[in-house]
Amino acid sequence: MPHNIEQNNENHRPITSQLGQKNPDYLKGLNAEQSDAVLSTKGPLLVLAGAGTGKTRVLTTRIAHILASNLARSSEILSVTFTNKAALEMRERIGQLVGSSVEGMTWLGTFHSISAKILRRHAELVGLKSDFTILDTDDQIRLIKQLLKAENIDEKRWPARQFANIMDGWKNRGLLPNDVRSTHAGMSHTSMFANGLGDKLYADYQARLTSLNAADFGDLLLLCIRLFRENPDVLAIYHKRFKYMLVDEYQDSNVAQYLWLRLLAQGRPASEANICVVGDDDQSIYGWRGAEVDNILRFEKDFPGAKIIKLERNYRSTGNILEAASKVISNNEGRFSKVLHTDGGEKGEKLKLTSLWDSEEEARHVSEQIEQLQRQGEVLNSMAILVRTSAQMREFEESFIKLGINYRVIGGAKFYERREIRDALAYFRLTHQQDFDLALERIINVPKRGLGNATIEVLHLAARGQNIPLMQAIRQLIETEELGAKQRNTLSSLIGQFDDWSARAANTELFELAEAILDESGYSAMWQNAKTADAPGRLENLKELVNFMQEFKTLGEFLEHISLVLERSSNDSADAVSIMTLHGAKGLEFNNVFLPGWEEGLFPSQRSLDENGNKGLEEERRLAYVGITRAKKRIFFSLAQNRRIHGRYQTALPSRFLDELPPEIVEVSDSGSSFGGYGYGGASGNVASKFDEKDPFDKAYESPAWKQRRAQNADHKTIEGEFFESSVDIGTGFRIGQRVIHLKFGEGVITNVEGKKLSIDFNRVGRKKVLESFVKKG
DNA sequence: CTGCCTCTATTTTTT
DNA sequence: ATAGAGGCAG
């Protein structure tokens with residue numbers, strides 16, 4: 001593939017030579033490799049940064065160096081991260097180095113937020129308006145459900161959520177509906193959803209998004225790629241603007257992100273691209289959501305002549321911990337060989353491994369260790385429990401509560417994922433933009449207003465028939481007798497409220513408006529009256545949301561920021577043990593790390609092995625590596641010989657990863673239970689590998705259950721389900737005296753026509769006003 | 001339309 | 001075991 005697009009005109013940049021600033025302050029304390037990575041500002045650079053080797057420091061110092069040497073202005077540096085948290089942290093740390101120049105770094109952000117920013121500037125070119133809405137997962141599912149219904153696809157057999165995942169996978173790989181279609185021809189099963197309707201559904205979904213002036217997360221990248229591909233002049237703007245590109249955690253990038261980066265890097269010949277990617281192939285733990293380790297492994301090929309710098313000097317962990325980590329990860333194949341090492345000769349304490357009877361005992365044991373550590377003077381903040389699955393957390397929480405150990409759970413439901421927050425946002429969004437159907441559907445009966453499925457169905461029918469937003473359909477329907485009087489009144493006042501709120505938006509403080517909306521809609525009252533235990537918490541969250549809104553002036557401004565960056569707040573500074581998943585722990589460090597649940601089946605996860613064979617095992621092993629390398633001083637491994645899984649007790653064998661630890665630095669204790677040492681014989685020979693070469697997405701569909709489903713459905717194709725009104729010629733005039741048939745009221749004769757409203761004498765139910773899209777010529 | 005009951009799925013998670 | 005979602009009766 002051609003990387004070389006012709007040069008643009010920035011051939012002469014001021015190379016404030018490094019000679020002129022031999023030892024600037026910011027280089028102090030960097031080791032040779034780190035400085036090299038900071039100072040190598042010409043051409044492509046791959047920094048392979050092992051765990052705890054000062055990766056973020058290199059990245060931020062490099063930016064400081066580029067700025068200090070006048071190689072580029074702050075607005076000419078593109079720096080990409082995966083999470084908002086990482087972007088925020090980087091901004092902070094750059095600020096510490098360069099002061100207020102960091103404020104000019106407009107292009108420091110996540111792939112998604114930067115894409116959104118670019119898209120808003122050129123939205124028309126991809127068929128959107130610049131104020132397009134970014135859909136969250138709930139909205140996505142809601143929309144897919146509608147499409148499935150329209151196609152008469154059995155939602156039981158083909159769940160919307162599953163399709164959302166499939167589509168997400170396509171988007172992660174940069175595939176558009178057409179690409180899926182052609183893949184389809186070539187034996188791929190990913191488009192076999194709903195008997196091969198997958199690609200059509202995908203196309204329909206995208207069409208719906210466009211008509212909603214909306215994009216989902218995946219689209220932000222995809223549309224950006226399309227924008228660049230179809231508009232070389234636009235791409236050229238960014239080639240010219242971004243003199244330097246930096247990417248953090250490159251091992252986590254997926255195909256779409258890779259394509260995105262490559263397009264942006266094409267402003268110069270590949271061998272001269274000023275792109276610097278930083279990552280650690282050994283910490284690639286997001287393969288299951290589309291990350292391609294290959295991206296980092298083949299960087300050299302993409303950018304010929306790329307300089308590769310390995311950061312191997314670890315500043316975090318003791319010698320023993322590093323040895324354990326290195327030994328475990330050395331069992332993986334296909335990695336850049338990096339060897340972490342320390343400067344100091346301190347090996348530190350031995351790692352501890354304890355086998356317990358069951359998970360309850362394990363939690364108790366961990367609690368005891370924590371108290372023991374506290375007695376040694378360690379604070380709770382220095383300790384973390386890293387688990388494989390969130391289900392493991394509960395037992396620890398219970399034990400901590402019982403013993404009065406302060407803890408905090410990191411990860412879990414995000415602030416913006418909470419129901420009450422999304423509901424509130426739906427109200428706000430609707431106030432701002434009344435035609436946002438998905439938001440209306442979300443809250444139309446929340447709190448309960450007696451507007452259930454039947455009513456919504458009618459609304460849908462009317463809206464679809466005329467291709468108008470639901471709100472508009474409601475405005476029409478409350479003028480007719482299509483709906484019951486009660487529903488009509490309710491809808492009428494609901495619409496009135498939204499009109500009222502919209503009107504007040506102009507001259508009310510945003511947070512006051514927000515409060516008013518939540519109160520007047522009855523939403524706050526709903527939770528105040530709720531008797532459930534979580535109600536007070538939800539009210540708290542709503543309050544927090546409203547507080548947060550004080551920082552914004554207009555609804556529009558607030559909503560634009562909210563979809564991409566709504567952080568969970570509450571950084572409580574209290575001393576507490578952290579509980580989180582291994583995934584959630586990446587990038588963090590603790591003096592004392594507890595690694596419970598090292599049992600075959602749980603870790604490595606059986607499912608990962610079943611679905612992804614050796615590839616899955618290696619990713620699990622990288623997870624183990626991430627876990628171990630979080631620790632600075634001490635690690636406590638543990639396992640439960642018996643664990644309840646889905647309600648049933650099951651006996652577990654010690655994880656094969658325990659066998660991979662160097663025995664001489666592990667202190668095994670059996671905590672008084674009957675434990676005959678750890679050891680898992682012949683683990684490595686045992687791994688299914690037949691799937692290794694195959695695309696993970698295809699694999700999911702090769703499972704026996706899936707095949708069975710496909711077989712069952714092979715000849716079950718329905719044609720029904722065309723909308724009744726879609727066969728009606730919209731806009732064809734209905735005339736007085738004409739015979740018509742109504743879906744609900746049966747046959748009748750038109751007695752009056754008033755725009756789209758018809759008065760009809762029905763044989764069965766007498767005279768009614770109805771909407772023309774509900775009747776068919778008789 | 002709502003509330004209750006039954007059925008099912010159940011690794012990891014960001015944007 | 002358990003939560004969430006969908007189905008059915010009141």
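Put a plus charge on the Cβ of each Lys and Arg, a minus charge on the Cβ of each Asp and Glu, and nothing anywhere else: the dipole of the range A:735-778 about its Cα centre is then about 80 debye.
Only protein heavy atoms count here; under a 1.4 Å probe, A:Asp25 has an accessible surface of about 120 Å². Sparse packing (at most 15 other Cβ atoms within 10 Å of the Cβ) combined with a DSSP loop state is found for none of the GluC sites (Glu not before Pro) in the range A:398-428. For A:His122, the accessible area of its heavy atoms, probed at 1.4 Å with every protein chain present, is near 20 square angstrom. In this label model, A:Lys402 and A:Asn165 are separated by 3.4 nm, measuring between points 7 Å along each Cα→Cβ vector. Charges on Cβ only, +1 for Lys and Arg, -1 for Asp and Glu, centred on the Cα centroid of chain A; of A:Asn231, A:Gln466, A:Ser367, which one is farthest towards the dipole's positive end? Looking along the dipole axis, the top candidate is A:Gln466. The residues of chain A have, on average, 45 Å² of accessible surface per residue, using a 1.4 Å probe with all protein chains present. When the surface is traced with a 1.4 Å probe over the full set of protein chains, A:Ser330 keeps roughly 70 Å² accessible.
On the protein heavy atoms, probe 1.4 angstrom, tell me the percent of accessible surface of the range A:593-654 carried by carbon and sulfur. Carbon and sulfur: 46 percent of the exposed surface of the range A:593-654. The listed residues A:Thr53, A:Thr83 rank as A:Thr83, A:Thr53 when sorted by accessible area, largest first, using a 1.4 Å probe.
Relative to the longest principal axis of the Cα atoms of chain A, helix A:84-98 runs at roughly 50 degrees.
Against chain A, whose longest principal axis comes from its Cα atoms, helix A:453-466 is set at around 80 degrees. Taking the Cα centre of chain A as origin and assigning +1 to Lys and Arg Cβ atoms and -1 to Asp and Glu Cβ atoms, the resulting dipole is close to 1100 debye.
Taking only protein heavy atoms and a 1.4 Å probe, the accessible area of the range A:229-356 is 48% carbon and sulfur.
Helical runs (DSSP H, four residues minimum) scored at -39500 (n - 2.57) apiece and divided by the length of chain A put the mean residue ellipticity at 222 nm at -13000 deg cm²/dmol.
The charge dipole of the range A:272-348, taken about its Cα centre with unit charges on the Cβ of Lys, Arg, Asp and Glu (plus for the first two, minus for the last two), comes to roughly 140 debye. Going toward the positive end of the dipole of chain A, with +1 on Lys and Arg Cβ and -1 on Asp and Glu Cβ, which of A:Leu653, A:Asn507, A:Leu209 do you reach last? Comparing the listed Cα positions along the dipole, A:Leu209 ranks first.
Please compute the net charge surrounding A:Asp179, taking Lys and Arg as +1 and Asp and Glu as -1 over other residues with Cβ under 12 Å from its Cβ.
Values: positive: A:Lys171, A:Arg173, A:Arg181, A:Arg226; negative: A:Asp199.
Net local charge, A:Asp179 excluded: +3.
For chain A, the longest principal axis of the Cα atoms and the long axis of helix A:198-211 meet at an angle of about 70 degrees.
Computed extension gain for A:Val753 through A:Leu39, at 0.36 nm per residue and net of the alpha carbon distance, reaches 249.3 nm.
The values are calculated or read from the model by the stated rules, or taken from the named source; none is laboratory data. All values derive from a computational prediction rather than experimental measurement. Virtual Cβ from ideal backbone geometry, glycine too; neighbours counted across all protein chains shown. Side chains included, ligands, DNA and RNA excluded: accessible areas come from the protein's heavy atoms. Shrake-Rupley method; radii C 1.70, N 1.55, O 1.52, S 1.80 Å.
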